[in-house]
Amino acid sequence: MSTEATIRDYFRCLDEEDWAGMESLWTPDGTLGAVGARPRQGREAVLGFFAKLFTPWREHEDRPTRIVIAGDVVTAEVLFTGTTADGREVTFDAVDVF
């Protein structure tokens, strides 16, 4: 699978809450450094983080709008849209760095 295809599959897994699919994208010793959260070390810890991430959202979508591959770094500009548990609609731009 190409790098871009892997990144697009990552976002698909987030949107569909496909944690089995997400598991296949992480190595056993993978790490996650998410803004505002403590670092996660290891695939199980990373998947545990993702499994709880969207609990407050009735609906959510992370749509990559631009993917830049520069050597071994990938930057994805993302448009997040979602609906909170109490019905508020939220939209914001985000950046993920891999």
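Here are some notes:
- For segment 51-68, the tally of residues that are within 18 Å of Asp9 (Cα to Cα) and of a type in the set (D, E, K, R) stands at 4.
- Complete set of residues in segment 69-98 that are within 20 Å of Ile7 (Cβ to Cβ) and of a type in the set (Asp, Glu): Asp72, Glu77, Asp93, Asp96
- Filter pass, Thr81 being in contact with a strand residue (DSSP E or B) (Cβ under 6 Å, 6 or more places away or on another chain), open to solvent by 70 Å² or more (accessible area, probe 1.4 Å), modelled with pLDDT of 95 or more and not in a loop (DSSP other than H, G, I, E, B): no
- Pair list, Cβ < 9 Å and 6+ apart or interchain, from segment 80-92 residues that are on the phi > 0 side of the Ramachandran plot to residues that are open to solvent by 90 Å² or more (accessible area, probe 1.4 Å): Gly87/Arg58
- Taking every residue in segment 3-19 that is on the phi < 0 side of the Ramachandran plot and pairing it with any residue that is open to solvent by less than 40 Å² (accessible area, probe 1.4 Å) and assigned to a helix (DSSP H, G or I), at least 6 positions away or on another chain, the pairs with Cβ-Cβ distances below 6 Å are Cys13/Gly21; Cys13/Met22; Trp19/Leu47.
- Among all residues of segment 24-42, there is none that is under 10 Å from the mean Cα position of the chain (by Cα), closer than 19 Å to Pro64 by Cα and in contact (Cβ under 8 Å) with a residue 60 or more places away in the chain.
- Beta carbons closer than 6 Å, at least 6 apart along the sequence or on distinct chains, pair a first residue in segment 47-74 that is over 22 Å from Glu17 (Cβ atoms) with a second that is part of a strand (DSSP E or B) and of a type outside the set (Val, Ile, Thr) for Arg66/Glu77.
- Matching residues in segment 1-45 - criterion: being under 17 Å from Ala76 (Cβ atoms), of a type in the set (A, V, I, L, M, F, W, C) and in contact with a strand residue (DSSP E or B) (Cβ under 8 Å, 6 or more places away or on another chain): Ile7, Phe11, Leu14, Leu32, Ala34
The values are calculated or read from the model by the stated rules, or taken from the named source; none is laboratory data. Everything numeric here is computed off the predicted structure, so don't read it as measured data. Neighbour counts run over all protein chains shown; Cβ positions are idealised from the backbone, glycine included. What goes into the accessible areas is simple: the full protein's heavy atoms, side chains included, and nothing from ligands, DNA or RNA. Shrake-Rupley method; radii C 1.70, N 1.55, O 1.52, S 1.80 Å.
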